Amino acid sequence: MEELQKVGVFIDEIYTVRVEHPNLSSSKIMFKQECFNYIKAFTIFKKFVFNYCNISETFAKDVDKEKLRAIGTQNQLKTAFIQRQNKQQVYQYEIFEQTVELERLKGELQFLQRIETEQHEIINNFFVNQY
């Protein structure tokens, strides 16, 4: 048997003639099984990665939609704010115009009241001088 081993021929436990050492063939079988287990685990991992990528893409699309919607809302708020400011300026100008008109009318009223008072005095003096 040693002579066969020297030339690289071995006999295993079931008395089969082999060209490689029996320990090496059992190691190969174990390695092959480990490779299959690794392939299964890697396939599962690949599925997880694929699912994660899909979820990430969906999430990214949702985030982009929400971002665009938020930008649109922000623009609407800015527009509404500017419109309110414009209306406020218009109202303030109208208030100013009305105030100026009120002051003008008050001055005119005082002037007319003075004229009326003067005219009443003239009329009273006229009646007093006639009697």
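The values are calculated or read from the model by the stated rules, or taken from the named source; none is laboratory data. Only a predicted model underlies this, so the values are computations on that prediction, with no experimental measurement involved. Every residue, glycine as well, gets a Cβ built from its backbone with ideal geometry; the counts of neighbours run over all protein chains shown.
Okay, residues lined up against (1) more than 30 Å from residue 10 (Cα to Cα); (2) of a type in the set (Val, Ile, Thr); (3) in contact (Cβ under 8 Å) with a residue 40 or more places away in the chain; (4) surrounded by fewer than 10 Cβ atoms within 10 Å (Cβ to Cβ):
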residue: 44; (1), (2), (3), (4): yes, yes, no, no
residue: 50; (1), (2), (3), (4): yes, no, no, no
residue: 58; (1), (2), (3), (4): yes, yes, no, no
residue: 77; (1), (2), (3), (4): yes, no, no, no
residue: 80; (1), (2), (3), (4): yes, no, no, no
residue: 84; (1), (2), (3), (4): yes, no, no, no
residue: 106; (1), (2), (3), (4): yes, no, no, no
residue: 109; (1), (2), (3), (4): yes, no, no, no
residue: 129; (1), (2), (3), (4): yes, no, no, yes
Matching option when the condition is aromatic (Phe, Trp, Tyr), in contact with a strand residue (DSSP E or B) (Cβ under 6 Å, 6 or more places away or on another chain) and either at pLDDT 95 or above or at negative phi (or both), among 10, 48: 10
